[in-house]
Amino acid sequence: MASTPFLAGAFEVTTIEMHTGGEPLRIVTSGYPKLKGRRLLDKRRDALANHDTFRRLLMHEPRGHADMYGAVLVEPDDPEADLAVLFLHGEGYSTMCGHAVMALGRWAVDSGLVEVREPETEVAIQTPCGLVRARVAVESAEAGRRSGAVSFRSVPAFVFARELVVDTVEWGPLQVDIAYGGAFYAVLAADSIGLDLYNCPARLLADAGEAITRAAAMQVRLSHPDDMDLAFLYGTIFTDGRDTYDDEAPTRNACVFAGRQVDRSPTGSGVAARLALQWTRGEIGLGQARRFESLTGARFTGTAVEETRAGPYRAVTVEVAGQAHYHGQARFTLEPDDPLAEGFLLD
């Protein structure tokens, strides 16, 4: 085992439980070990190398489930950050998570971590891919101040490759785009492999997304201008094929990541990646808002707000907006003789 202090009976972790569009976020507020490393990416490596038992215990059954998602608060190394975070899921550690940023923004305001201002409070969140600035709506009510919708500005989002052909066992050659919005995604229309985002079961999307991600990851060598720790294919985004600008109708997407996890939200970093694609193809201009819908019907608004660069790539800064909600809090313990100490997942 990578880390065993809880086996002596000392394990106790407290969490705040939230969701954004149905996608869970377990915010670890105490009990996680102190991570070593100067930079946030160094702490991420330490978590993977020496404390991965905590991730499995909190994300996997019986305390979690196959689609669980979490956030661990750590000390920031960016002087502009109000907080820093590592993102956890059933398979490992992601570099960016928009639905988590929305939830963390609300939590930072409500917990008093930042000075609250009306009608909007800014929360600077250091993520493994960079500093993300969230803005949380705040209003006064009879019971006191109440936080609400959250928007954030992404790190530079860009297109790594367009119309790339990936060979798959299941469908033969497939054409995908590779785009980055804080994480790298393979993007393609669901109907290109005979799937329908409005009617087909989520398990079929999960199977297909895992297969495409694995095939693309083996055939495409990614690079990132900031750090090679960011240069991995995080998942596959299936779209409904509606990429032209439309004020009224949302476009639906389904993100499959970390193996077979299906995002219940529209995927904040995925929205940034899709908008980078649409902007690069000339389908939208700066300042044009688009609405994105998930399998649960939850919606995010996304807008490409500013042209920028990410090393050699033309890029855009994207603003993504949505709503997170609380649904509980928890105190997790572990008996030292528990034979399933590190958790489990059933295929």
Looking at region 144-173 only, could you name the residues that are more than 26 Å from the chain's Cα centre (by Cα) and assigned to a loop (DSSP other than H, G, I, E, B)?
V169, E170, W171
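β-branched (V, I, T), modelled with pLDDT of 95 or more and not in a loop (DSSP other than H, G, I, E, B): is that true of V176 in this structure?
So V176 passes the test.
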Which of the residues that make up region 186-206 are in contact with a strand residue (DSSP E or B) (Cβ under 9 Å, 6 or more places away or on another chain), surrounded by 14 or more Cβ atoms within 10 Å (Cβ to Cβ) and assigned to a helix (DSSP H, G or I)?
A190, S192, I193, A202, L205, A206
Residue check, A100 open to solvent by less than 30 Å² (accessible area, probe 1.4 Å), free of Cβ contacts under 8 Å to residues at least 40 places away in the same chain and within 25 Å of P156 (Cα to Cα):
no
Among (1) of a type in the set (G, A, S); (2) under 16 Å from A315 (Cα atoms); (3) open to solvent by 50 Å² or more (accessible area, probe 1.4 Å), there is one condition A183 misses while meeting the rest; what is its number?
(3)
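Would you confirm whether or not region 234-249 contains a residue that is of a type in the set (A, V, I, L, M, F, W, C) and at pLDDT below 95? Spell out the reasoning first.
First pass over region 234-249, keeping only residues of a type in the set (A, V, I, L, M, F, W, C): 237-238, 249.
Add one more test, that the residue is at pLDDT below 95, and what stays is 249.
Checked against the condition, which is being of a type in the set (A, V, I, L, M, F, W, C) and at pLDDT below 95, region 234-249 yields at least one hit.
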Quick one: what pairs do we get from region 17-42, first residue touching a residue at least 60 places away in the same chain (Cβ under 8 Å), second open to solvent by 20 Å² or more (accessible area, probe 1.4 Å) and among the basic types (K, R), C-beta under 7 Å, 6+ apart or different chains?
G21/R264; G22/R264; E23/R264
For the list (1) in contact (Cβ under 8 Å) with a residue 24 or more places away in the chain; (2) under 22 Å from the mean Cα position of the chain (by Cα), I need the number of the one condition that M228 fails.
(1)
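Select from region 268-301 the residues that are part of a loop (DSSP other than H, G, I, E, B) and within 18 Å of C200 (Cβ to Cβ) and write down the one among them that is least open to solvent (accessible area, probe 1.4 Å). Break it down stepwise before answering.
Of region 268-301, the ones part of a loop (DSSP other than H, G, I, E, B) are 281-288, 294-298.
Now narrow it down to the ones that are within 18 Å of C200 (Cβ to Cβ): 294-297.
Working: S294: 0, L295: 54, T296: 78, G297: 34 Å².
Looking at residues that are part of a loop (DSSP other than H, G, I, E, B) and within 18 Å of C200 (Cβ to Cβ), I get S294.
When you scan region 55-143 for strands (runs of 3 or more DSSP E) that lie fully inside it, which ones turn up with 3 or more residues that are closer than 25 Å to V13 by Cβ? Talk me through it step by step, then tell me what you get.
Working: elements: 69-74, 83-89, 120-127, 130-141.
Those strands (runs of 3 or more DSSP E) span 69-74, 83-89, 120-127.
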Which of (1) closer than 21 Å to C255 by Cα; (2) surrounded by fewer than 14 Cβ atoms within 10 Å (Cβ to Cβ) does D337 not meet, given it meets every other one?
(1)
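Among K34, K43, which is the only one that is among the basic types (K, R), part of a loop (DSSP other than H, G, I, E, B), on the phi < 0 side of the Ramachandran plot and open to solvent by 10 Å² or more (accessible area, probe 1.4 Å)?
On the way: K43 fails: part of a loop (DSSP other than H, G, I, E, B).
None of the others qualify; the one that does is K34.
One line per residue, one yes/no per condition, for (1) over 20 Å from the mean Cα position of the chain (by Cα); (2) modelled with pLDDT under 95:
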position: T20; (1), (2): no, no
position: E23; (1), (2): no, no
position: V28; (1), (2): no, no
position: G31; (1), (2): yes, yes
position: K34; (1), (2): yes, yes
position: H51; (1), (2): yes, yes
position: F54; (1), (2): no, yes
position: H60; (1), (2): no, no
position: L73; (1), (2): no, no
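The values are calculated or read from the model by the stated rules, or taken from the named source; none is laboratory data. All figures in this text were calculated on a predicted structure; none of them were measured in a lab. Using ideal geometry, Cβ is built from the backbone for each residue, glycine included, and neighbour counts are taken over all protein chains shown. The accessibility values were calculated without ligands, DNA or RNA, using every heavy atom of the protein model including side chains. Shrake-Rupley method; radii C 1.70, N 1.55, O 1.52, S 1.80 Å.
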